[in-house]
Each structure stands twice: as structure tokens, then as C-alpha cells.
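Please read the structure below before turning to the comments.
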Amino acid sequence: MSLNKKTNENPINHPDYPIEKQRLEKTIKAMKEVIDSLELSAQNAKQKARGLMRNQDKISANDAQVARFLASSKMSESSKLRDAVKKPYFGRIDYREDGSQIIETFYIGDVRFDGPSDLQVIDWRAPISSVFYETQGGRATYKANGKLYSGDVSLKRQYTIENGVLRKIIDSHIPNGLTQKPPVITPTPQNRQQVQEKKGKQRNTYFDEPILMERLQQGVDKKLKGIVETIQAEQNQVIREDLEQVIIVQGAAGSGKSTVALHRISYLLYNYPTLKASDIVVIAPNKLFLDYISEVLPGLDAKGVKQITFQDLITIVTGVQYTLHKDEKMEMFLEGKPGYLHTVIRNLLIECSKLKGSLTFMEALEGFIKEKTNTFTRKLQDINLYEGKLKISREEQVFKFQSDSSPYNQRLENLKSYIKFKIDQFLNVADNPMGQSVKAKGGKISSKGYIQRIKESYEHEMYYGNEINRLDPNERARRRAELEKEQKQKLTQIEKEKTSFLNTYFNDWTTLSVRKAYQEFLQEDWIHKLLPPNEHQTALFMAQYTKEVLESGKVEKEDLAPLGYLKYLIDGFEEHVKFRHIVVDEAQDLSPFEFKLLSMLSQNQSFTILGDLSQGISYKGFTNWEYLLKGIFQGITYKYFKLKYRYRSTKEIVQLSNKVIPKGLPRGLPIERSGDQPKIERMDSAQAMLRRIIELIRFYKNKSYRSIGVIAKRDSECQRIAKIMNRDYPEIKCNLILPDTTTYEGGVSIVPITLAKGLEFDAVIIVNASDKNFKDNTFDAKLLYIALSRALHHLHVLYMDTITPLLAN
Ligand SMILES: Nc1ncnc2c1ncn2[C@@H]1O[C@H](COP(=O)(O)OP(=O)(O)OP(=O)(O)O)[C@@H](O)[C@H]1O
């Protein structure tokens, strides 16, 4: 498909400039009028509310509340339009639906404007807007209310509007042959090269989008931004997928996964009116990252979505704030010490991570609670009270306990209540809705309770008994007093029998505590009993260090899912939260167990899961997405997407970083944005390296770059550099990022690779990519890939002695 693109740096040169300028001015004027009227209505509503409040009665108070609500919704509408006035729209399509003779013109903006019919603006999330993103012109389709529509796009136009002034008009259109598809050449051995070249050209023209290029050329600010104007077709497809399914997105570094996820949320909220922001949760790797992405959703008219870490989620559902032990394992992996012993330990630790994150481990925990249930039921005995007049058989109790689907502790309570109720029922002090069914089942319980019957039998004897009535009045009175005393004693005895029974029978009915249960589960005999033999060695090693961590009052990250699950089995979840949509970013680092827990917290198995297998460094995560689909979401509707292009970085940076991706792992394609060649520089000493870092920071700061990342493999390296910089070069003002950092400040960041994940910088300086630091193995390769792919425009790789084999040649 050949495109005719008209780019006008000066929009005045565009033949449609006068019409477009006039349209823009009219739209702005109409918007301002609507704003004025909205604000007037809001004022009136507020005034009305104040007036009503003076009446001091309930009806007026309610009316006042309605008026206040109206005022606030008018104000929020007007504030959206106030923002929109500066840039009412960014795109236009001229579209003729198949079967129609009319070409309709749609202007597309951040928000919808229902002004006069010739000045309307449609929201970017509206179904028809999809056409703008999907096509450069020509044939197009879009879906609305489950139906597919198709037609021809005779014009796709983009605008740059700043503060209400039209700065640029850019057209991509096909003037002729709208309904003709481009000729398809079937590849044969002879023409393969020709086909590939053609494809390459198509790909280049695909990205020949000045506005996208301009946007990508810009420096990054502090936080991640919205991309409404330049969403690409492959991203648009993910954003506009239906709500009720599992979407899995594999995307290389910088392909826009996080951005797409957040735009999808905004799209879903707009198109599914019953979906509320509070129904959605975004799970992201750490607080720093959450802070980094925090401005996107409010900017997309999607406030109020929970954006939390997996740890936060566990806190919500368990009510316990677990303190994390520092990630010693990761430190050992990063250290990568040579030698047989270190390798064996590292391998064992990898196995431990995998085990703790596995469904096998989850099933073992389930087995543990089942065993506890069995042990408990073995304790149950036949209950025989009041000279055998009240019997509750062991079988009945076991049945009651086993058939109860509540969590363990609740089942104990339920059985206790059941037994107490049966006793009370027997004694006839019960006032319990369960009464009916018990009576029906037991059949023997009289409508009068045991106490009543005892009382009555004494009273009968005291007043109507033949024996007592034969006595003379004095004797009778004495006998009555005696009987009265006996009756009292009997009643006390009945009460005593009950109390003493309850005290002894329930004495060892101890509830389970989550942490203690986990500690117990980690004991050798349980491991042997509950885990498959091939896991015993790993499990025993894992149990040993986990117990130490637990005894110190902390937990490791990988214990969160087991503890969460035990909480579910023992007490049930704290809040009965079930989300309607769950978004998981950096999903490659979550374990199957963690996903299983998430699926338990999902109302309808509606998920957007995004990740990059080439950036997976947690060891408990996935090596292929199929496993996630088959193991966790088996039988559930799903769609798999691959984002092909890497928008963040220049072509040169993408090419260099792709080079280090281990064989068999996914990599993305560069777009046609060229920049400086990344520089790989050998340093003579650590001091020389530091001097070079300072030099580079100063250089990029002088060029007004706002974000510079100094990225090192380990926390300790970052701490060392930050210390020297803060001491000797305080004017540079660097921000050291460590695992407990929660806010992202932008500027100059000194950051370990594991925390740089998800972030991006105009210029990146990688500290010491020597062969000792980054060995030729998958883990180091993935780390280096993460580090290299953080750069937008400039990349410097510094090393001492010998460059890592991953970047050699
Ligand atoms: N269509 C687009 N238009 C403009 N900018 C885009 C587009 N898609 C992505 N970007 C930009 O590319 C950068 C990378 O996006 P994002 O962080 O969402 O990617 P990612 O796939 O999540 O990356 P990573 O795997 O490294 O976390 C961001 O600056 C984003 O604004």
C-alpha cells in the first residue's frame, strides 16, 4: 500500500488550512459556551443546595444532596472541557461505511464533545475511533456492540494543536482505489528476497508517522505519559479487546506494555458502563514503578483504580502486613561468584524459588490442612449427656465438620456452635434458626426442653402428687420445701453438666494460626508426607532457611503466596474482595502459585496480563506463556498478543540490546528512529569510570536532558557511586534508588538493574559491563538486556579490563 503523506511544518501551506482553522476556532468557541453554561448550572445547583439546607428538614436535606451532586458532576464535565479547549482534537477520519453513499467526517479527541452537529468531537475510546488507529487510509474495520463494521477511509489526518492554535496538519491518505486491496505476492524461493524487501518497506512506511516520531524524539519527563494521539495498530488491538477474557501480551522492552495496559483500563471504563474504577486492580512489581506510572490513569479520565504490588494485595486479603526479608537470593544470583560450590547453591536456590511458586507447593499446603482436618476429626467422640438422654454421635459431628466448606477455623467454630445449639435445644433454652432442621432430623426432641420437663415433674409432685396431698399441711409444706430445694439442685446440676462438658470437650479444639501452621508445614515429616519424593531434597533445604527467616519475624517475597493461601484455607480472606478485572504488569516474574491466587480473587477470570519473557529474572516465573494458560487459566477464553515493535529506543539501541537476548527468547523490532550509535567504552580503573560517569552526566545535563540513568548490576555498586557523587559532586543532585525507594524523582538516578525494570531514561550509562560482571549465561544476559533497553536516545556502556562476552564483537 503506497501512502501519500503530506507533512506541513507550516500548516498554512496545507490546502485545507483555512477550513481547518475555522473549524477549530468554531469548536473552541462552542466548547467555551458549553463550559459557561455548565458552570452556570453548577452555580445554580450550589445555590439551590444552600437554600434547601436552610429549611432544616429531611426532605430538603435530601434534595440539597441531589443538587450538590449535580453541581459537582457539571463542574467535572466543565473541567474536562476546559482542558480540551487547549486541544479539542488530534485526529480526523473521513469514512464511508460499506453500503452507504455518505462519507462521514469524525474528529477525534481526548474527550467527547457533544456540541453542534458540525462541531462534534468523538472520544478516542469510542468504537469508531478504532479506525483512526488501525489504518493509514484505505480499508478499515471496527467493532461496536459485538458487530463488525467495515468501510473505506478516504482521509486520515493528524493535527498538532497547542493552546488552541493549529500548528500542524499531517495527512496519510490514499486518494484512489479505496476498495482495492494491495496486490499479494506469494513468496517462492525465487522471489523471497523481493517479498522481504517489500515487507521491509511496508514496515518502514508504517512508522513513517511524523507525530509518533516527534513524540518519541522528546525527552522523558518524570513519569510515564499517555499516548492517546499515537497509539499504534498493534497496541490498539490489545486496548480494545473485550472485557470478559484473559488477554496475554508478550512485548519486548519498550513495546508499550505498561502504557497499553493503562489505556486499556480507560477504554474498558468508557465502554462498559457497569464497570467501576474500584472493580479494577493493577498489580505491578514495586512501589517505585507504581509511582512512575501513577499519572497515566488520572490523565486518561480513569481515577480510582487500585494500583498495588502483590505484597499489598496479600495485606488486603490477609489483614497482615508482612515484613519482607531482604532478597538474599537475588543478591547471590547477582553476585554470581565462580566455583563449584557457589554454582550448586545457586542451582538449589533456583529450585527452591520454583518450588515455592509452584502449584505442587500449593497442593501440599492444601494437603496439610486436610491432614489437620483428619487429625481433628479423630479427636471427636460420641457425646452422651444427661443419663444418655442426649446423644450426639461422632459420625454426626464428623459429617457436620467434613461437609462444611468454610475455612478451617470457621469450621471449628461452626461445629462448636452446632453442639452447643443441640445441647441448648435439648435443654430448651435454644433460640436458633437451626432448630427446625435439627428437630426434623433428630425427631426425638420434645417441644418442651429437658429443664422444663424436670421443672414440671417437680412441680407436679409438689402440688398434685398423690403422695404430697396425703400429708398433713405442716408436713406438706416441709416436703414442698424439700422438693423445691431438690429441684434447684437438679437444675444446677443440669447446668453444671453442660458447663463441665463444654469445658472439657472443646478444651483441645485449638484454632490454627497462619504463620504457625506454615512453620509447622515446613517440618521434615510434613515435607516427606506432602511433597513428591523428587522435591524432598529441595524442600528440606528451602524449609531450613525459610524457618530462620520466619523466626526473625520476616518473610521472603516467595512466602507471600503460601501465606496468603493458608490464610484463605484457615480463616478465609479478610475482605471478600473479588475484582472484575485484574491487570498484571511485568507478569513474567509472577509464579504459577501467585497467579492461582489472583485467579481466586477474580470475579470472572477477566485479566490483562503483560510481560516479557526476555526480562524474566525471578526464577519462579514462567518460561513460556502457554504454561500459564494451560496450568492456571485452562478452559477459559483467552487471546494471546505479541507486540512486535520497540517504540522506546532508537534503532541503534534496539539492535545492540537485541544482541544480548539469549537464543529462543522473544525480541522486538526497531522502528525507524535513528540516533547516535551506543558507545562501549573501556576504562582503565574504577576512578576513571567514575570520572567518565560524571563527565557524561554533566554533558547530558548541559544538553537539557531531564532524565539520566546510571545503571549498575548490584545495589552496593549504586550505593558506592551515590556516596562519592553526593560527597564530591553535590551539585549534580543524584537520586539513589534502592529496594525501599517508593517515589521516582526523575533527574539523575543511580539505580540497580532489578529496580530499573519498567523505567526509562533519555540517556543511560551502564556501569562496568565487564566479563566478570556479566557472564555468558541467561541470567546475566537478561539483566544486561533490561539495562540496555532503558535508554531512549543515548547509551554508554562502560567497562574495565574485558568487555562482557555478551557484547563482544
Ligand atoms: N504508540 C506510542 N506512541 C508514543 N509513545 C509510545 C507508544 N508506545 C510506547 N511508547 C513509549 O515507549 C516507552 C515505553 O513504553 P512502556 O514503558 O509502556 O513499555 P513496556 O513495554 O512496558 O517496557 P518495559 O518492558 O521496558 O517495561 C514509553 O515512553 C511510551 O510512552
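Here is a check on your reading of the model: is residue 272 surrounded by fewer than 23 Cβ atoms within 10 Å (Cβ to Cβ) and within 14 Å of the ligand (Cβ to nearest atom)? Spell out the reasoning first.
Working: surrounded by fewer than 23 Cβ atoms within 10 Å (Cβ to Cβ): yes; within 14 Å of the ligand (Cβ to nearest atom): no.
The answer is no for residue 272.
Before we move on, is residue 259 within 16 Å of the ligand (Cβ to nearest atom) and in a helix (DSSP H, G or I)? Let's see the steps before the verdict.
Values: within 16 Å of the ligand (Cβ to nearest atom): yes; in a helix (DSSP H, G or I): yes.
Criteria met by residue 259.
Show me the helices (runs of 4 or more DSSP H) found entirely inside region 133-243 where at least 1 residues are at pLDDT 75 or above.
Numbers: elements: 192-206, 210-217, 233-239.
Ranges flagged: 210-217, 233-239.
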Subject >> Residues (surrounded by fewer than 22 Cβ atoms within 10 Å (Cβ to Cβ), within 15 Å of the ligand (Cβ to nearest atom) and more than 22 Å from residue 614 (Cβ to Cβ)) located in region 237-246 >> reply: 240
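For every residue, the table says whether it meets (1) assigned to a loop (DSSP other than H, G, I, E, B); (2) within 16 Å of the ligand (Cβ to nearest atom); (3) among the basic types (Lys, Arg).
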{"position": "682", "(1), (2), (3)": "no, no, yes"}
{"position": "695", "(1), (2), (3)": "no, no, no"}
{"position": "701", "(1), (2), (3)": "no, no, yes"}
{"position": "709", "(1), (2), (3)": "no, yes, no"}
{"position": "726", "(1), (2), (3)": "no, no, no"}
{"position": "740", "(1), (2), (3)": "yes, no, no"}
{"position": "743", "(1), (2), (3)": "yes, no, no"}
**OP:** Could you list, in sequence order, all residues of region 489-539 that are part of a loop (DSSP other than H, G, I, E, B) and within 30 Å of residue 425 (Cα to Cα)?
**Re:** 506, 507, 508, 509, 510, 511, 512
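I'm trying to understand the selection: among the residues of region 626-655, which are away from the ligand (no atom under 15 Å from the Cβ), of a type in the set (Phe, Trp, Tyr) and within 27 Å of residue 759 (Cα to Cα)? I'd like the intermediate steps shown before the answer.
Initial filter on region 626-655 (away from the ligand (no atom under 15 Å from the Cβ)): 626-640, 652, 655.
Of the ones still in play, those that are also of a type in the set (Phe, Trp, Tyr) are 627, 633, 638, 640.
640, the sole residue that qualifies.
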Original post:
Going by the conditions given, is residue 249 within 12 Å of the ligand (Cβ to nearest atom), part of a strand (DSSP E or B) and surrounded by 23 or more Cβ atoms within 10 Å (Cβ to Cβ)?
Top reply: yes
**OP:** Determine which single condition residue 101 fails, assuming it passes every other condition in (1) surrounded by 14 or more Cβ atoms within 10 Å (Cβ to Cβ); (2) free of Cβ contacts under 8 Å to residues at least 12 places away in the same chain; (3) farther than 29 Å from residue 165 by Cα.
**Re:** (1)
Original post:
What are the residues in region 616-667 that are touching a Lys or Arg at 6+ places or on another chain (Cβ under 8 Å) and on the phi > 0 side of the Ramachandran plot, if any?
Top reply: 619
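Which residue out of 1, 53, 31 is modelled with pLDDT of 90 or more and either within 39 Å of the chain's Cα centre (by Cα) or aliphatic (A, V, I, L, M) (or both)?
Numbers: 1 fails: modelled with pLDDT of 90 or more; 53 fails: modelled with pLDDT of 90 or more.
It is 31.
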Subject >> Pair list, Cβ < 8 Å and 6+ apart or interchain, from region 749-766 residues that are assigned to a helix (DSSP H, G or I) to residues that are within 14 Å of the ligand (Cβ to nearest atom) and of a type in the set (D, E, K, R) >> reply: 756/790
**OP:** Identify, from the list 601, 590, the residue that is more than 18 Å from residue 293 (Cα to Cα), in contact with a strand residue (DSSP E or B) (Cβ under 8 Å, 6 or more places away or on another chain) and either within 16 Å of the ligand (Cβ to nearest atom) or of a type in the set (Gly, Ala, Ser) (or both).
**Re:** 590
**OP:** Answer yes if at least one residue in region 553-565 is of a type in the set (Asp, Glu), outside any helix (DSSP H, G or I) and closer than 20 Å to residue 347 by Cβ, and no otherwise.
**Re:** yes
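Working carefully through the options 709, 668, find the one that is under 18 Å from residue 729 (Cα atoms), in contact with a strand residue (DSSP E or B) (Cβ under 7 Å, 6 or more places away or on another chain) and crowded, with 17+ Cβ neighbours inside 10 Å. Even if it seems obvious, please write down each step before you answer.
On the way: 668 fails: under 18 Å from residue 729 (Cα atoms).
Result of the check over 709, 668: 709.
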Original post:
Does region 745-754 contain any residue that is under 20 Å from residue 695 (Cβ atoms), of a type in the set (A, V, I, L, M, F, W, C) and surrounded by fewer than 22 Cβ atoms within 10 Å (Cβ to Cβ)?
Top reply: no
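Any residue at all in region 331-347 that's of a type in the set (Lys, Arg), over 19 Å from residue 556 (Cα atoms) and either modelled with pLDDT of 90 or more or surrounded by fewer than 15 Cβ atoms within 10 Å (Cβ to Cβ) (or both)? If you could, list the steps in order and put the result at the bottom.
Going through region 331-347, the residues of a type in the set (Lys, Arg) turn out to be 337, 346.
Restricting the remaining residues to those that are over 19 Å from residue 556 (Cα atoms) gives 337.
Those left that are additionally either modelled with pLDDT of 90 or more or surrounded by fewer than 15 Cβ atoms within 10 Å (Cβ to Cβ) (or both): 337.
Yes, there is a match, as at least one residue in region 331-347 is of a type in the set (Lys, Arg), over 19 Å from residue 556 (Cα atoms) and either modelled with pLDDT of 90 or more or surrounded by fewer than 15 Cβ atoms within 10 Å (Cβ to Cβ) (or both).
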Original post:
Within the group 369, 350, 419, which residue is touching a strand residue (DSSP E or B) at 6+ places or on another chain (Cβ under 7 Å), on the phi < 0 side of the Ramachandran plot and part of a helix (DSSP H, G or I)?
Top reply: 419
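The values are calculated or read from the model by the stated rules, or taken from the named source; none is laboratory data. Because the structure is predicted, anything quoted here is derived from the model rather than measured. Every residue, glycine as well, gets a Cβ built from its backbone with ideal geometry; the counts of neighbours run over all protein chains shown.
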